[in-house]
Amino acid sequence: MSAHIIDGKQIAQRLRGEWKQRADRLNALGVSPGLAVVIVGDDPASQVYVRNKIKACREAGIRSEEHALPGDSGLAAVLALIDRLNADAGIHGILVQLPLPAQLAPAAVIERISPDKDVDGLHPRNLGSLLAGQPRFVPCTPAGIMELLKTTGLELRGLEAVVVGRSNIVGKPVALLLLQAGATVTLCHSQTRELAHHTRRADVLVCALGKAQAIGGEMIKAGAAVIDVGINRTAEGKLTGDVDYGAALARAGWITPVPGGVGPMTIAMLLGNTILSAERHAAALGIQLDS
Ligand code: NDP
């Protein structure tokens, strides 16, 4: 058996086409969706991510602004920028590129973003809404993972789902989304004993550990849907996931490649959340969107 490859690039492309139509409609109604991206310091990987987000915005009809602060910026400077963006009616989404330099506590920065503009879905209020089953902004990578799973046609209700990794950005929110979809969820982490014992039971296996090839073929249930979130660099500089891709191809029912799986979905969902935010803003102004 050879697993079906879930083509995240193609799925993201389709979604971006849908977002573009919604952005065009908003622009025609005089509400130009706007995203502000804040980057502190000159981490090369972060700079690439920010450039990609700005380019994706342009293609989707979203206005974007990049706000670059020096790497030695103090908390007060970052919070002052966020306050200004919170008050800017032309900005519907604010994203702070992570990781931040060591002197800046991410929680303090994220908590300052207005929950109504938190298109990354990481503000405690938005995470709380997700926990309560009434999400307002779903974090982008977990939202993208759920879109990928939709394309398998699997009925998640009643399935065994195992998530490896418990970060606030990926593991915990995706576990909540799977739970809300009716799966029986196990959340594993670095203290989990006998990881393979759990992963082998998984009909849906989400791997977000950040450890190259840590999930071998023998850890995968035959026919499972395997979502590989990991982005790791090999000694030769190539990108690789958390799953042994070749072994998963031979054993799983579905597998996402790295690159070209979850990555493109993360940006697509960011655009989607920004448009959603702009639509909410338009509705609050009394603008009819469905005319
Ligand atoms: P974190 O480092 O924040 O979290 C990693 C998690 O994996 C932790 O919960 C950790 O457990 C767990 N873990 C680490 N080692 C093991 C192990 N051997 N067995 C079981 N669990 C383990 O990472 P993120 O969640 O931010 O990211 C995970 C990966 O996904 C990274 O490679 C990252 O680059 C990638 N990523 C990709 C995105 C995309 O768009 N494709 C977006 C975001 C992330 P503990 O909590 O106990 O330490």
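Evaluate the following for GLY237: is it surrounded by fewer than 23 Cβ atoms within 10 Å (Cβ to Cβ) and either assigned by TED's automatic domain parsing to the domain that holds ALA56 or modelled with pLDDT under 95 (or both)?
yes
Of the conditions (1) near the ligand (Cβ under 9 Å from one of its atoms); (2) buried (at least 20 other Cβ atoms within 10 Å of the Cβ); (3) not aliphatic (A, V, I, L, M), TYR245 satisfies every one except a single condition; which number is it?
Failed condition: (1).
In the stretch 249-291, which residues are surrounded by 21 or more Cβ atoms within 10 Å (Cβ to Cβ), over 17 Å from CYS57 (Cβ atoms) and within 16 Å of the ligand (Cβ to nearest atom)?
Within the stretch 249-291, ILE255, THR256, VAL258, GLY261, VAL262 qualify.
For the subset of the stretch 124-142 comprising residues that are buried (at least 21 other Cβ atoms within 10 Å of the Cβ) and in a loop (DSSP other than H, G, I, E, B), which member is farthest from the ligand (Cβ to nearest atom)?
Per the criteria, the residue is PHE137.
Take THR186 and decide whether it is in contact (Cβ under 8 Å) with a residue 24 or more places away in the chain, hydroxyl-bearing (Ser, Thr, Tyr), away from the ligand (no atom under 16 Å from the Cβ) and more than 23 Å from ASP43 (Cα to Cα).
No; evaluated as a whole, the condition is false for this residue.
Determine, yes or no, whether VAL226 is in contact with a Phe, Trp or Tyr (Cβ under 8 Å, 6 or more places away or on another chain), closer than 21 Å to ASP7 by Cα, in a loop (DSSP other than H, G, I, E, B) and in the same structural domain as LEU149 (by TED's automatic domain parsing).
No: the conditions fail for VAL226.
Across the stretch 164-180, what is the number of residues that are crowded, with 21+ Cβ neighbours inside 10 Å and in contact with a Gly (Cβ under 7 Å, 6 or more places away or on another chain)?
2
Which of the residues spanning the stretch 148-183 are within 13 Å of the ligand (Cβ to nearest atom) and not in a helix (DSSP H, G or I)?
Selection gives VAL162, VAL163, VAL164, GLY165, ARG166, SER167, ASN168, ILE169, VAL170.
Only one of ALA196, ALA161, ALA183 is surrounded by fewer than 23 Cβ atoms within 10 Å (Cβ to Cβ) and among the small types (Gly, Ala, Ser). Can you tell me which?
Selected residue: ALA196, the only one of ALA196, ALA161, ALA183 that is surrounded by fewer than 23 Cβ atoms within 10 Å (Cβ to Cβ) and among the small types (Gly, Ala, Ser).
With the structure loaded, tell me whether ILE145 is in contact (Cβ under 8 Å) with a residue 60 or more places away in the chain, part of a loop (DSSP other than H, G, I, E, B) and crowded, with 17+ Cβ neighbours inside 10 Å or whether it fails that test.
no
What do you reckon, is ALA247 in the same structural domain as ILE169 (by TED's automatic domain parsing) and assigned to a helix (DSSP H, G or I)?
When the stated conditions are applied, ALA247 passes them.
Within the stretch 48-83, track down each residue that is in contact with a Ser or Thr (Cβ under 8 Å, 6 or more places away or on another chain) and either in a loop (DSSP other than H, G, I, E, B) or without any contact (Cβ under 8 Å) to a residue 60 or more places away in the chain (or both).
ILE54, ARG58, ILE62, ARG63
Can you tell me which residue within the stretch 204-233, out of those that are of a type outside the set (A, V, I, L, M, F, W, C) and within 13 Å of the ligand (Cβ to nearest atom), is farthest from ALA183 (Cα to Cα)?
ARG233
The values are calculated or read from the model by the stated rules, or taken from the named source; none is laboratory data. Fair warning: this is a prediction, and the values are worked out from it, not measured in the lab. Quick reminder, even Gly has a Cβ in these numbers, built from the backbone with ideal geometry, and neighbours come from all protein chains shown.
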